[in-house]
Amino acid sequence: MFGSLGFTELILILVIVLIIFGAGKLPQLGEGLGKAIKGFKKSVHEADAIEAEAQALAAQQQAAAPAQAITAAPVQSMTVDQPAAVAQPASRA
């Protein structure tokens with residue numbers, strides 16, 4: 001059931017908890033433990049949902065990237081092999 005803990009050990013632990021906290025505190029202790037477990041499960045499911053959403057977004061971006069590369073015109077670099085002719089001011093005679 002709980003690894004190497006047997007039924008006798010679990011009863012002994014329950015009796016010790018009952019002695020320490022008393023019968024009046026056990027319902028509050030159980031309620032707090034239940035809320036903690038519920039909150040933990042909720043946060044795990046939210047984290048899974050956020051992770052799945054991020055993976056879906058990444059997949060959409062990867063699918064859109066090749067389409068953008070195909071439709072985009074290739075960029076040509078402008079290199080200057082020869083200097084441009086510089087206009088000289090007309091001389092006045």
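Read the figures in this text as sums done on the coordinates, not as results from a lab. Small disclaimer: the values here were computed from a predicted structure and weren't measured. When we count neighbours, we look across all protein chains shown, and the Cβ atoms used for this are built from the backbone with ideal geometry, even at glycine.
With labels modelled as points extended 7 Å from the Cα through the Cβ direction, what inter-label distance (nm, one decimal) is found for ALA23 paired with ILE11?
Modelled inter-label distance: 1.9 nm.
With label points built 7 Å along Cα→Cβ from the Cα atoms of ALA63 and LEU33, find their separation and express it in nm.
So the label points at ALA63 and LEU33 sit 4.7 nm apart.
If you stretched the chain out fully between SER4 and ALA54, how much longer would it get, using 0.36 nm times the residue separation minus the C-alpha to C-alpha distance?
Taking 0.36 nm per residue and subtracting the Cα distance, the gain is 13.9 nm.
Any idea what log10 I(q)/I(0) is at q = 0.18 Å⁻¹ for segment 7-70, Debye with uniform C-alpha scatterers and no solvent?
-0.80
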